[in-house]
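Reviewing the structure listed below.
What follows draws every value from the coordinates through simple rules; no lab data is involved. Keep in mind that what you see is a predicted model, and the values were worked out from it rather than measured. As a convention, Cβ positions derive from the backbone with ideal geometry for all residues, glycine included, and neighbour counts pool all protein chains shown.
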Amino acid sequence: MPTWLIVFLFALGAVALFVVGMSLTLMIKGHNIDSEISTNKNMQRLGIKCAVHETREATAAPAAPTRIRPRGVRATARPATSKRPGTRNSPGCERAETPANPPIMTRQPESPKTFVWRICSAHVIAYFTAGIFALLFLDYKTHFSSESLALLMRPVSSPWVALGPGLQIFRGVLIALALLPVRGFLYGKNGFLKLAWLVLGLSFISTIGPTPGSFDGYIYTILPVQYHLGGIPEAVLYTALFAGILAFWHKSGKRYVTTLSIVLVAVIVLFSVMGFLGAAQVE
């Protein structure tokens, strides 16, 4: 394998792990990591303050001496003054004071065409990343050529195996069409976490046929147990990436995410076609 391809795959894996971490935070907590000192409760509990707030405290004018009021003179009420940003009610950092219970802003469901593309591209990217991970770290080349799987699986050197990631576009469309009529649950509480469990449960654990790693696979196949358990890391990685990408995409709604998805899918399809042509020439 060329050195540049190894470097590219490791960089892709690092980005994938970062996306998984951010996506799990977004799916479980419902928001991104809060790095603002003025709103992060843990920082406030530890007494951490921003530089603006500390500077204002250090340069604050000393308290005025207490004046003794002559007998018989009434005290006059001082006019109420608004507090500056950086006081106790507004912890500084030049942020506007927010209400205690701000309204929850939810995005509207995307159009059917946008939904189909998001599902399709998220599936292709997650499938390709999980497949590269399995090929490099789970030794699929050896497993596929073993006596137990040789009659069931194509070798990794097959042109069709190389073309597989590119063909996942059509499978992604099928997944999107299956989810389109029931997509409403995605926009509720923990919707994408539910999607992850649904995908893992129906596509890996409880499949219709006795596939390796599935419930029926343990019953009806004579494959050794290690072949059933060996696919779990790939399945979990794919599920986390698939649901995480969709959750991040829906929460952000940024145009650059769509552009990035188009570029990544195009690169994956290009690599897939090049691998198919190269493997076909070798055969």
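Put +1 on the Cβ of every Lys and Arg and -1 on every Asp and Glu Cβ in the range 150-283; which of Leu223, Leu186, Phe276 then has its Cα farthest towards the positive end of the dipole?
Leu186
How much length would be gained if the chain were fully extended between Arg183 and Ser148, taking 0.36 nm per residue of separation minus their Cα-Cα distance, in nm to one decimal?
8.7 nm
Which peptide among 219-226, 241-248 comes first, and what is the full order, when sorted by highest mean count of other Cβ atoms within 10 Å?
On the way: 219-226: 11.2, 241-248: 25.2.
Packing proxy ranking, top to bottom: 241-248, 219-226.
Would you mind computing, in nm to one decimal, how far apart the modelled labels at Ala51 and Met274 are, each placed 7 Å from Cα along Cα→Cβ?
So the two model labels end up 4.4 nm from each other.
Taking the Cα centre of each part, how many Å lie between the range 195-266 and the range 115-159?
12 Å
Please give the net charge around Val173, taking every other residue with its beta carbon less than 13 angstrom from that of Val173, where Lys and Arg add +1 and Asp and Glu add -1.
Charge balance near Val173 sits at +3.
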